[in-house]
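Below you'll find the structure, written out as structure tokens, and then a few comments.
The values are calculated or read from the model by the stated rules, or taken from the named source; none is laboratory data. All values reported here derive from a predicted model rather than from experimental measurement. Every residue, glycine as well, gets a Cβ built from its backbone with ideal geometry; the counts of neighbours run over all protein chains shown. The area values use the complete protein model at the heavy-atom level, side chains included, leaving out ligands, DNA and RNA. Shrake-Rupley method; radii C 1.70, N 1.55, O 1.52, S 1.80 Å.
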Amino acid sequence: MVQSHFKGVLPALVTPFRDGEVDEKAFVALVERQIAGGVHGLVPVGTTGETSTLSHEEHKRVVELCVKTTAGRVPVIAGAGSNSTDEAIELAAHAKAVGADACLVVTPYYNRPSQEGMYQHYKAINDAVELPVFVYNVPGRTGVDISNDTLARLAKLPNIVGIKDATGDLTRISLQRLTCGPDWIMLTGDDPTALGYMAHGGHGVISVTSNVAPDACAAFMNACMQGQWETGLYWQDRLVRLHKALFLDSSPAPTKFALAQLGLCLEDVRLPIVPCAEAVRPTILAAMREAGL
């Protein structure tokens, strides 16, 4: 298995808001809570961080704040995705400039490029910025699905180091591991199937649930990384209802509701996301209790 410091559980951090602005004090406290809980890295301004409704200035500030607060204790993979290649290069360059350890670049959304278009998109970022890049494949949101063949081509580029796979499709992992080579880093973006992903040779999870339960998610991933599958299954059973509950309404509204119940931030989200529906709140609370919160 590849030896990398990009492994384990890496929370896809929410961006807390107060009075319509980024709540920097709450964000810093969330980062500190994650590190205290034993996570192995941090991922600011991804989908869960509501990056699509942050201004460029807010996006960059959150990355800077995450890097500064973390102070090298764990690696930071900064979100830097866009469906404009020039904009993705700009965000990746900023991530490098402020000291992020890598960047996470989603496949271009809405304009639906071909496999060749996606290859050229990532190649342009690879050529422009000397920073490790993770491809983020989430076809349910972007409308495109990057193939293993295209990933195998990208894996030959020096700065394209791995993937966040949010497809939930466990059948592609073993083939991807074989086609992309032994240095390819495979992170899942799907909490419920992370146990299977790790068993197929994955290296970690970029986790939504860790926002709410960092200690439990870290214990789960430590067990998986050590091949302690019985312990991993114990944590899977304890967390699986919470994994599912956090997507009962548009993400990250349920996650922010859960964090608000713990007194960690407000549940404020930005339109077009709205606070999670009253009907799903009892299920989220029950799942939190089952996870030991």
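Odds and ends about this structure:
- The alpha-carbon atoms of the range 179-293 define a convex hull whose volume equals 112 cubic angstrom per residue.
- Cα centre as origin, Lys/Arg/Asp/Glu Cβ charges: the chain dipole, Debye: 440 debye
- When you filter the chymotrypsin sites (Phe, Trp or Tyr not before Pro) in the range 178-239 for DSSP loop state and at most 14 other Cβ atoms inside 10 Å of their Cβ, nothing is left.
- Highest average packing first - 186-196, 146-156, Cβ atoms within 10 Å: 186-196, 146-156
- Working from label points 7 Å from Cα in the Cα-to-Cβ sense, the residue 231 to residue 56 distance is 4.7 nm.
- Label zone at residue 238, where the point sits 7 Å out along the Cα-to-Cβ direction: the range 261-276 residues whose backbone N lies under 20 Å: 262
- Net length gained if the chain between residue 289 and residue 145 were fully extended (0.36 nm per residue, minus Cα distance): 48.2 nm
- Sorting the segments 240-250, 56-66 by their mean number of nearby beta carbons within 10 angstrom, highest to lowest, gives 240-250, 56-66.
- Taking 0.36 nm per residue of separation and subtracting the Cα-Cα distance, full extension of the segment from residue 279 to residue 199 would add 25.3 nm.
- When the surface is traced with a 1.4 Å probe over the full set of protein chains, residue 251 keeps roughly 20 Å² accessible.
- Choice from 209, 48, 179 with maximal GNM fluctuation in the chain (Cα, 10 Å cutoff): 179
- Calculated Cα Rg over 2.2 N^0.38 Å (choose from (1) 0.93; (2) 0.98; (3) 1.07), label: (1)
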